[in-house]
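Remarks on the structure that follows.
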Amino acid sequence: MHLLFVLATSYFSSAQQAIIPNDPKVNTDLRYHCYTNLYRIGGLANNQTKRVAGKCAEVTCFENKNIVLYGCPSVQIPSGCQVLAGDLSRTYPDCCFIIKC
């Protein structure tokens, strides 16, 4: 299984994205438009968004059967600032880390 990473490069980017191809070999249940075993995501309906268990990320199934994984942004930490852990009990993207300056 290959992931295609698309990284935004700015001081603060909006999010990281990865395209997870649909896995037709395991998508035997025709109720699902998209399916992957990666991160135990399982089946998704067309245009369905689902939180990734144990991670501050979510996935969305698209018409072309690609699953797009959205995660917290890549950022440069300004001098004198620190990264505080995110809160996984919150929804994405509110669960992402916090930069405190």
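The values are calculated or read from the model by the stated rules, or taken from the named source; none is laboratory data. Remember, it's a predicted structure, so these values are computed and weren't measured experimentally. Cβ sites come from the backbone with ideal geometry, for glycine too, and all protein chains shown count toward neighbours.
Structure above, values below:
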read-out: Hits in segment 29-80 (condition: among the acidic types (Asp, Glu) and within 14 Å of the chain's Cα centre (by Cα)); value: 58
read-out: Which listed residue, of 41, 77, 67, is among the β-branched types (Val, Ile, Thr) and touching a Leu at 6+ places or on another chain (Cβ under 8 Å); value: 67
read-out: Checklist (1) modelled with pLDDT under 95; (2) closer than 18 Å to residue 19 by Cβ applied to residue 52, failing item; value: (1)
read-out: Subset of segment 1-48 [under 16 Å from residue 70 (Cβ atoms), among the small types (Gly, Ala, Ser) and at pLDDT 70 or above]; value: 15, 18
read-out: Members of segment 75-84 found to be touching a residue at least 60 places away in the same chain (Cβ under 8 Å) and in a loop (DSSP other than H, G, I, E, B), listed by number; value: 76
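Residue-by-condition table, conditions (1) surrounded by 11 or more Cβ atoms within 10 Å (Cβ to Cβ); (2) touching a residue at least 60 places away in the same chain (Cβ under 8 Å); (3) assigned to a loop (DSSP other than H, G, I, E, B):
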| site | (1), (2), (3) |
| --- | --- |
| 50 | yes, no, no |
| 55 | yes, no, yes |
| 59 | yes, no, no |
| 65 | yes, no, yes |
| 70 | yes, no, no |
| 73 | yes, yes, yes |
| 86 | yes, no, yes |
| 89 | no, no, yes |
| 93 | yes, yes, yes |
